[in-house]
Structures are given as C-alpha cells and as structure tokens.
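Take a look at the structure set out below.
The values are calculated or read from the model by the stated rules, or taken from the named source; none is laboratory data. Source: prediction; values computed, not measured. Cβ placement follows ideal geometry from the backbone for every residue including glycine, while neighbour counts extend to all protein chains displayed. Calculation scope for accessible area: heavy atoms of the full protein, side chains included, ligands and nucleic acids excluded. Shrake-Rupley method; radii C 1.70, N 1.55, O 1.52, S 1.80 Å.
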Amino acid sequence: DKIETKKVLLQHGVPVPQTLDMCDSFRNLDEFVEHLKDFNSFVVKPNRGSQGNGILVIVKNDEGTFVTTSGKRLSLVDIRYHVSEIITGNFAQDGQPDTAYIEPLLIEHHGISKIANLGLSDIRIILCNQKIISCMLRVPTKLSDGKANLHQGAIGLSVDIETGMTTKCSFKGKELKTHPDTGFDIVGVQVPFWNKIKQIAENSQKAIPLGYIGVDICIDEKLGPMVLEVNGRPGLEIQNVQHKGFSGEMETARDNT
C-alpha cells in the first residue's frame, strides 16, 4: 500500500513526494478528474501497482490538453478513463479495486538529467537487515516512455555502494557504455547526495521493518533526495545489471544481526 507507506515514512522523518489528491470510488471520479485541471504537471499512480504499470506522467497542461513525457496529447476524457482503470483494479497486483492518487511532477536534479532528460530516474537500493547489499540507477529511455522501470525499457546502471559512482550498464540484456537515445556516457557518473541517499534508504528500512526490501529514491532539483516507493518484494533483475549475485552479501547481513 503505497499511500500508507508514505504516511509511515513521513512519521519517521523520511522525505516523500506530496500526495495532492486521491480517488478510490467512481462516486468521486468526476470531482477528482476536474481537480487535475488545476495542475500544469502531475503524476497519476495506482496505489497497489507494480513494475510501473498504470503510472501516467503529465508534463504540461496545454489549455485542457494534457501532454505526456513522450509528447502524446490526452484529453480530460482520456485521463478519466485511465483513472477508472486504476479504480477498477486493472493495475493492482491482486486485481482488486484500487485507489488512484496524484503527486507533483518532480524536476530531476541536473546531475542525473544530464544523462537523459526523458523522465524521472530513480535509485533502487536493496537492503537486508539494515545493510545495503546492492544498488542501481534506473534511467528512462524513449522505449520506457519516461518511466524508470526496467520491465518498461529503462536502462539499469550498476552503482558502487561506497562511492555512488556508476560502473556498468544493462539495457535489454546488453551491456552499454552510452545511453541508447542520447549517446551520453553513462559509466563513471557520480550520483549526487550519495551519503544522504544511503542514510534515507537505511531509515526507510527502520520505518518499514522488513528483513529484505528495495527502496526507490529520486533526486529533485530543489527538494533533494526523496523516497518514491518501498518494495517488500523487489525483483532480482538488479543482479543482472550488476553482473553479480548478492547471496554472499545477504549471508553477511544475516550473520551480523
């Protein structure tokens, strides 16, 4: 439950994006959609979605026509239909009725957006028993339609835990040195605020005390690092990005507790 998770994180002093509005009923659908007219940019999310499914990123409100990251133009009717799909549960992991909610569109820190300004990148950090065991930077591509999800077509950049430096890249199972759309060198990039990001990840596991979690953190240009999501069952694709399993790190983390 992403909304409840955000509440718990806030109670523990972990920064998260603001929730602007929520809708869990067709009874409130029209009012919720009308509220979207008030925002020039925003993100619509399903509360119990996974793998980036159901997330709609709007970068511009052009006099009632809403423009996505890829430049697709949507009417208010189009967005209403999308929100109704969320409420129905079509993007929920369990297929049950869900809640749609909106967050402000974050402006990515220039240290990351220089790689590819195609959407919001995030840092996935895997923790086991309060110890960081693996991390990667996920960067959107044209194929991923501005979403930082590997299943949607984003690239994964292995990040060194100690330094916060990108070391290797994986895109659709292939190793790359440059971004497939921009040609920017993507190996040897320093992730900004690295020590702060690690602290936020560790604090997130203290707030959500599961033994094994994945924390997704973005970096806003003005607000700095904040948690987008906490995953109780993070995928293992990060091991392919790292070209390395982390069973040894998990054993060490368990032994030290």
Cα-projected label distance for residue 40 with residue 185, points at 7 Å along beta-carbon direction, nm: 3.5
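What is the percent carbon and sulfur in the accessible area of the range 60-196, measuring with a 1.4 Å probe over the protein chains and ignoring ligands? List each step's numbers first, then the result.
On the way: 3040 of 6140 Å².
Here carbon and sulfur together make up 50 percent of the probe-accessible area.
Would you mind working out the accessible area per residue for the chain, using a 1.4 Å probe, and quoting it in Å²?
Details: 12150 Å² over 257 residues.
Accessible area per residue: 47 Å².
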Dipole magnitude of the range 79-127 about its Cα centre (Cβ charges: Lys, Arg +1; Asp, Glu -1), debye to nearest 20: 180
Hull volume in cubic angstrom per residue (convex hull over the Cα atoms of the range 127-208): 105
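State, as an integer percentage, the relative contact order of the chain based on alpha-carbon contacts under 8 Å between residues 6 or more apart.
Working: 554 pairs, mean separation 48.1, N = 257.
Averaging sequence separation for qualifying contacts and normalising by length gives 19 percent for the chain.
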Using alpha-carbon coordinates, inclination of helix 2-11 to the longest axis of the chain, degrees: 60
Pair residue 51, residue 195: separation of 7 Å Cα→Cβ label points (nm): 3.9
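Within the chain, what's the longest run with no trypsin sites (Lys or Arg not before Pro) in a DSSP loop and at most 15 other beta-carbon atoms within 10 Å? Give the range, please.
On the way: sites that count: 72, 114, 142, 172, 177, 222, 244.
The answer is 1-71.
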Dipole-positive endmost among 163, 201, 246 within the range 105-257 (Cβ charges, Cα centre): 246
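If you wrap a convex hull around the Cα atoms of the range 88-154, how much volume per residue is inside, in Å³? All intermediate terms of the calculation are to be shown ahead of the outcome.
Numbers: hull volume 9.8 nm³, N = 67.
Output value, Cα hull per residue: 146 Å³.
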Principal-axis tilt of helix 76-88 within the chain, Cα atoms, nearest 10 degrees: 60
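How long are the three semi-axes of the equivalent ellipsoid for the range 113-257, computed from the Cα gyration tensor as the root of 5 times each eigenvalue, in whole Å, largest first? Please report the intermediate quantities before stating the final value.
Numbers: eigenvalues 116, 55, 35 Å².
Result for the range 113-257: semi-axes of 24, 17, 13 Å.
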Solvent-accessible area of residue 250 with every protein chain in place, 1.4 Å probe, in Å² to the nearest 10: 40
